[in-house]
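Everything below concerns the one structure shown next.
The values are calculated or read from the model by the stated rules, or taken from the named source; none is laboratory data. What you are looking at is a predicted structure, and each value in this text was computed from that prediction instead of being measured. Cβ coordinates were reconstructed from backbone atoms using ideal geometry, including for glycine residues, and neighbour counts include every protein chain displayed. Quick note on the areas: whole protein, heavy atoms, side chains included, nothing else; ligands and nucleic acids left out. Shrake-Rupley method; radii C 1.70, N 1.55, O 1.52, S 1.80 Å.
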Amino acid sequence: MTKPVIASSMGARKEVGGKNWTKAEMEARLAASEKTTRKKKVRLKPPEWLSDEALLIWKRIIRQTKELELLDALDESMLAVYCDVYVQYSTLSLMLEKTPDDYKSQQALARLMSGYADKLGLTPAGRARLAKKVADKIVDEFASEFD
């Protein structure tokens, strides 16, 4: 099992695990990290169709992830759907008498929430995956010789 990579520990220096990297690999990692840093502040706008309850979830997530800079303008729709599903799940959870169909619906909503949270980087594994994805873009100069 591969250990998750913590985004804050990603780097391009020997102190963070790159002791055997070539100069080209170091430069590629630095270039990749520069591409992922924002040049200007991103302001996400919720869609008009988002309910008041979902809007509260939206604002909480934006506030909590502000320093991490995980979300970008391209994530607006996905975040809106996540917030909407979150509200549906919580509404279903508050129902006093649940039928077997309600439990199945709740499980389906939980799977949706989990998938969206992971893709948006709202889970530890999701954040590690996003950090690793950036690091994996480094091209190995000898890889083509072994394909």
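When only residues in the stretch 68-81 that are without any contact (Cβ under 8 Å) to a residue 40 or more places away in the chain and open to solvent by less than 70 Å² (accessible area, probe 1.4 Å) count, which is nearest to the chain's Cα centre (by Cα)?
ASP72
Being of a type in the set (Asp, Glu) and under 15 Å from the mean Cα position of the chain (by Cα) is the filter here; which residues of the stretch 52-67 pass it?
Correct list: GLU67 only.
Go through (1) surrounded by fewer than 15 Cβ atoms within 10 Å (Cβ to Cβ); (2) of a type in the set (Val, Ile, Thr); (3) at pLDDT 95 or above one by one and return the number of the condition THR99 breaks.
Result: THR99 passes all but (3).
Mind listing whichever residues of the stretch 35-66 are surrounded by 10 or more Cβ atoms within 10 Å (Cβ to Cβ) and modelled with pLDDT under 75?
The one that is surrounded by 10 or more Cβ atoms within 10 Å (Cβ to Cβ) and modelled with pLDDT under 75: THR36.
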